[in-house]
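Below is one structure; the comments refer to it alone.
What follows is calculated from the coordinates using simple rules that are stated; it is not laboratory data. Since this is a predicted model, take the numbers as computed values, not measurements. Note: ideal-geometry Cβ built from the backbone for every residue, glycine included; neighbour counts use all protein chains shown.
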Amino acid sequence: MSTLLLTGINSLVTNDPAHGGPLGELHDAAVVIDGGKIAWVGQRRDAPAADTARDLGGRAVIPGFVDSHSHLVFAGDRAEEFAARMTGTPYSAGGIRTTVAATREATDDQLTANVARLVAEMRRQGTTTVEIKSGYGLTVADEARSLQIACQFTDETTYLGAHVVPPDYADDPAAYVELVTGPMLDAAAKHSKWIDVFVERGAFDADQGRAILTAGIARGLQARVHANQLGEGPGVQLACEVGAAAADHCTYLTDADIDALASTGVVAGLLPAIEFSTRSPYPNARRLIDAGVTVALATDCNPGSGYSSSMPFCIALAVRDMHLTPAEALWSATAGGATALRRPDIGHLTPGAQANLGILDAPSYLHLAYRPGVPLITHTLIAGRSHPVLN
């Protein structure tokens with residue numbers, strides 16, 4: 001297998017603290033890729049020989065974005081709902097049911113094509129790893145097929161049968177919890193790594209969430225939680241109680257919630273495109289960082305509350321409206337996301353890590369926030385393979 005040497009890197013973000021600073025940034029750097037993994041990083045003058053060399057002409061290189069929260073298996077469109085929000089209609093969890101109806105009616109081919117389209121969008125913008133949830137089927141068959149489709153695109157699949165209570169169980173939510181923890185879990189577990197629950201008013205309460213997560217953990221799935229999006233509530237505390245990898249949203253937090261996240265190591269997954277699209281308050285990421293909480297940034301790409309696949313957009317929002325520095329935002333979108341997925345092999349560019357990286361048409365990672373909305377990613381490498389091909 002041939003080795004590839006990338007030179008002419010003005011700024012190389014490694015996320016390796018051994019290189020100093022929050023990002024382990026190297027200048028006038030080089031990278032060697034061998035067998036889909038990082039074999040060497042360092043100064044260009046010290047670079048070893050390789051079978052093939054590419055001069056990047058002074059561009060910046062960053063670890064590939066790790067999008068640790070998305071809902072890509074769906075059908076339909078909720079653009080009118082977005083337009084209504086922009087004229088003052090508040091967001092609520094009820095709109096999910098609109099997508100559930102459309103998803104149930106869609107064919108497997110239609111759902112697969114939509115996921116492929118969105119994953120391609122993500123790759124063009126530097127995302128190399130994406131977590132994909134079910135949650136728009138809410139029947140045994142539809143949740144199972146959603147996860148089978150997601151498995152074609154990622155190993156990071158999440159069973160979210162507990163997204164909302166569907167209309168057919170509106171009068172008996174306890175029976176739906178029994179379905180989610182019984183036959184639906186049986187059908188979903190073999191296609192899932194994770195189990196998730198939306199603990200929120202209009203969705204599931206703490207006792208229901210605990211029962212659902214406990215059942216999933218007993219089947220070998222790892223936990224994550226939709227928590228504290230629409231108001232203060234028990235979601236974060238439940239995530240910490242069950243040892244979840246991440247509590248996502250975290251829009252409304254008490255001091256006790258922040259203390260619990262910091263002491264347990266549960267990652268706070270922040271989803272700024274949702275606040276942008278719903279005109280909700282942004283979480284105060286500065287408060288979390290200063291308390292020692294690990295923060296991840298993710299898109300939460302979905303057709304209702306936030307239909308963006310762009311991690312660079314999320315970085316710009318996090319810097320502008322959530323009080324993160326550009327370095328903190330980039331770390332959260334790469335190493336932070338990897339931590340939220342419990343993946344030590346990604347989110348950094350160090351020897352032995354997967355060769356997942358983004359090449360920017362810019363001299364520095366600072367341009368991700370400095371030039372919002374500009375398509376700066378020229379190539380995305382996944383396991384050393386470039387999209388599009390380097391030449």
| request: Go through 345-356, 373-384 and give me the packing order, highest mean Cβ count within 10 Å leading. | output: 345-356, 373-384
| field | Among Val267, Thr154, Gly137 the positive-end extreme of the charge dipole of the chain (Cβ point charges) | value | Thr154
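If Rh is defined by the Kirkwood formula over all Cα pairs and Rg also comes from Cα, what ratio Rg/Rh do you get for the stretch 29-116?
Values: Rg = 22.7 Å, Rh = 18.0 Å.
In the stretch 29-116, Rg relative to Rh is 1.26.
Under 8 Å for C-alpha pairs, at least 6 residues apart: give me the relative contact order for the stretch 1-55, rounded to a whole percent. Could you put the intermediate results ahead of the total?
Working: 117 pairs, mean separation 23.4, N = 55.
With pairs under 8 Å counted, the relative contact order is 42 percent.
Going by average Cβ density within 10 Å per residue, which order do the peptides 9-21, 302-314, 329-341 take, highest to lowest? Intermediate results must be reported in sequence, preceding the final value.
Values: 9-21: 19.1, 302-314: 23.9, 329-341: 29.1.
Descending packing order for the listed peptides: 329-341, 302-314, 9-21.
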| the stretch 95-175 - convex hull of alpha carbons, volume per residue in Å³ | 93 Å³
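Taking R0 as 45 Å, what's the FRET efficiency between Ser263 and Glu80 from their Cβ-Cβ distance, rounded to 0.05? List each step's numbers first, then the result.
Working: r = 44 Å, r/R0 = 0.97.
Between Ser263 and Glu80 the formula returns 0.55.
Based solely on its DSSP helices, what 222 nm [θ] is calculated for the chain when runs of n ≥ 4 H residues each add -39,500 (n - 2.57) and the sum is averaged over all residues, nearest 500 deg cm²/dmol? Could the numbers behind the result be given before it?
On the way: 15 runs with 130 residues, N = 391.
It comes out at -9000 deg cm²/dmol, rounded to the nearest 500.
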| task | Using a 10 Å cut-off on Cβ atoms, rank the peptides 34-40, 169-175 from the highest mean neighbour count down. | result | 34-40, 169-175
| Cut-off under 5 Å, modelled amide H: who pairs with His323 long-range | none
| request: Mind listing the long-range amide H neighbours of Trp40? Cut-off is under 5 Å, sequence gap 5 or more, other chains count too, H placed in the peptide plane at 1.01 Å from N. | output: Val32
| task | Just need the relative contact order of the stretch 208-301 here, percent rounded to a whole number, with Cα pairs under 8 Å and 6+ apart. | result | 22 percent
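Can you pull the semi-axes for the stretch 282-334, root of five times each eigenvalue of the Cα gyration tensor, sorted largest first, whole Å?
On the way: eigenvalues 76, 25, 19 Å².
Equivalent ellipsoid semi-axes, largest first: 20, 11, 10 Å.
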| task | Would you work out which of His71, Ala106, Ala50 lies farthest towards the positive end of the dipole of the chain, given +1 charges on the beta-carbon of Lys and Arg and -1 on that of Asp and Glu, about the Cα centre? | result | Ala50
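Can you give the % of DSSP beta bridges in the chain that are antiparallel, to the nearest 5? Spell out each step's value before the answer.
Numbers: 26 of 58 bridges.
DSSP beta bridges in the chain are roughly 45 percent antiparallel.
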| request: State, to one decimal in nm, how far the label point of Thr87 lies from the label point of Ala174, with both points 7 Å from Cα in the Cβ direction. | output: 4.3 nm
| field | Cα centroid separation, the stretch 77-117 to the stretch 235-309 (Å) | value | 23 Å
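What is the magnitude of the charge dipole of the stretch 89-187 about its Cα centre, with +1 placed on the Cβ of each Lys and Arg, -1 on the Cβ of each Asp and Glu, and no other charges, expressed in debye to the nearest 20?
Working: 7 positive and 14 negative charges, 99 e Å.
Once rounded to the nearest 20, the dipole reads 480 debye.
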| request: List every residue whose amide H lies under 5 Å from the amide H of Leu72, counting only residues 5 or more places away in sequence or on a different chain, with H placed 1.01 Å from N in the peptide plane. | output: Lys133
| When the Karplus curve 6.51 cos²θ - 1.76 cosθ + 1.60 is applied with θ = phi - 60°, which whole-Hz ³J(HN,Hα) does each residue of the stretch 167-182 get, with x for Gly and Pro? | x, 5, 10, 4, 8, 8, x, 4, 5, 5, 4, 4, 5, 4, 8, x
| field | Hz values of 3J(HN,Hα) by residue in the stretch 49-65 - Karplus curve (6.51, -1.76, 1.60), Gly and Pro given as x | value | 6, 9, 5, 9, 10, 10, 8, 8, x, x, 7, 9, 10, 10, x, x, 5
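Sort largest first and round to whole Å: the equivalent ellipsoid semi-axes of the chain, each the square root of five times a Cα gyration tensor eigenvalue.
Numbers: eigenvalues 253, 95, 76 Å².
In descending order, the three semi-axes are 36, 22, 19 Å.
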